[in-house]
1. In whole Hz, with x marking every Gly and Pro, tabulate ³J(HN,Hα) for segment 142-151 from phi via Karplus 6.51 cos²θ - 1.76 cosθ + 1.60, θ = phi - 60°.
2. Can you give the extra length, in nm with one decimal, that the chain gains between residue 80 and residue 25 once fully stretched, where that is 0.36 nm per residue apart less the Cα-Cα distance?
Amino acid sequence: MARVFVWNCNLPRLPSSLREQLRDLGTYISGALFTLGWWVFIDGLVMSRSTTQVNFGFEDWLPGLLCTLGMIITNSIDLTLLRDDGFGYSSGGLAGKAKLTLFIGIALLAGGVAGSVAILAIKYIVPQVDSGAMYIGVTNVVQTLCLLMASIMLWFVHNSEHDNNYNFVLN
């Protein structure tokens, strides 16, 4: 039985061939969510050219950039680094540094989602813009939510089992 890090419950052990297929499928779905998020945002950017009510500025780009940076940081941390319980002067504090880095990545993801919701409320809902301009704000929220879901999926897919092997073959 495998132990899941977040909920600490027992899960049935899957055959290795099925685990590899699920890992590949999860990676593809995560990439599709990442692509969908940026595609929706760029669609809103293109649509912003047709409306004159709202100007598309850097503040609209910032939540997606924060979420992308948070996704990169979060998924660069290996789960085994977080479980290192070495105490004393010889451990080097690697687990603490990994936890701090993971916290920064998650904070960037959460800040990006919260920022996109705040921009939607302040820039698009409060001034009561028309539905065409409201779509631009909604694309920003959809983008950050897609990036957050992609990051969570990629984290669980690649850190759920202990046999994470990356085989690079040079021909």
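Just so it is clear, none of the values below were taken in a lab; they were calculated from the coordinates. Note that the structure is a prediction, hence the values are computed from the model and not measured.
1. Per residue, the Karplus-derived 3J(HN,Hα) values read 4, 4, 5, 5, 5, 5, 5, 5, 5, 5 Hz.
2. 17.5 nm
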